[in-house]
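The values are calculated or read from the model by the stated rules, or taken from the named source; none is laboratory data. Just so it is clear, the structure is predicted and the values come from calculations on it, not from any experiment. Cβ sites come from the backbone with ideal geometry, for glycine too, and all protein chains shown count toward neighbours. All accessible areas refer to the heavy atoms of the entire protein, side chains included, with ligands and DNA or RNA removed. Shrake-Rupley method; radii C 1.70, N 1.55, O 1.52, S 1.80 Å.
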Amino acid sequence: MRANIAGYILAGGKGTRMGGMDKLFLKYQGKYLALWTIEALFMLDTWYVSVAEIPKEPMGKARWIRDVYEDIGPMGGILSGLIRCREEALLVVPCDTFGVDASMGRRLLDAYERTGRPVFFQDRNKIFPFPGIYTKSMLPAMERQRSGNLPDAEFV
């Protein structure tokens with residue numbers, strides 16, 4: 001089933017948390033943060049990177065997906081990826097996330113392979129959206145949320 005899922009790095013947006021810097025080109029120990037994630041989650045063969053504009057410089061083996069929806073935060077990037085990817089699911093990680101490792105990736109992938117459903121970490125009653133596995137089955141609800149036809153409280 002791993003052929004049915006790809007890695008997806010969210011790097012679009014305005015970089016407001018980074019003082020307006022392009023998150024995609026932030027480095028740690030001389031390597032782009034996105035490359036740290038791709039290497040940590042080596043068990044995925046296919047990778048995409050969500051961007052506002054397609055850069056000239058490659059990002060490892062990842063392919064670019066240009067954001068279709070602007071100014072709606074991470075959901076716009078996730079929607080763009082799910083619409084444009086060939087796979088049924090994406091393991092989504094923001095490009096400025098530290099600490100993602102192979103163990104975390106395997107736990108998410110194992111749960112997805114068992115259920116075929118979206119997978120997120122949960123602590124008590126709080127669900128963490130990242131890293132998480134988003135599936136094409138989520139597209140109708142995400143589109144309703146984007147268009148304002150579904151209250152935030154109903155979207156999980």
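Out of everything in the stretch 145-156 that is surrounded by fewer than 11 Cβ atoms within 10 Å (Cβ to Cβ) and of a type in the set (D, E, K, R), what residue ends up being modelled with the lowest pLDDT? The qualifying residue modelled with the lowest pLDDT is Glu154. Taking the stretch 69-78 as the range and being of a type in the set (A, V, I, L, M) and open to solvent by 10 Å² or more (accessible area, probe 1.4 Å) as the test, the residues that pass are Ile72, Met75. The single condition among (1) free of Cβ contacts under 8 Å to residues at least 24 places away in the same chain; (2) surrounded by 15 or more Cβ atoms within 10 Å (Cβ to Cβ) that Arg114 does not meet is (2).
Go through the stretch 121-141 and give me each residue that's open to solvent by 70 Å² or more (accessible area, probe 1.4 Å) and more than 13 Å from the chain's Cα centre (by Cα).
Selection gives Gln122, Asp123, Arg124, Asn125, Lys126, Ile127, Ser137, Pro140.
For (1) touching a Leu at 6+ places or on another chain (Cβ under 9 Å); (2) open to solvent by 60 Å² or more (accessible area, probe 1.4 Å); (3) at pLDDT below 95, each residue gets a yes or a no:
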position: Asp67; (1), (2), (3): yes, no, yes
position: Ser80; (1), (2), (3): no, no, no
position: Glu87; (1), (2), (3): no, no, no
position: Val100; (1), (2), (3): yes, no, yes
position: Leu108; (1), (2), (3): yes, no, no
position: Val119; (1), (2), (3): yes, no, no
position: Glu143; (1), (2), (3): yes, no, yes
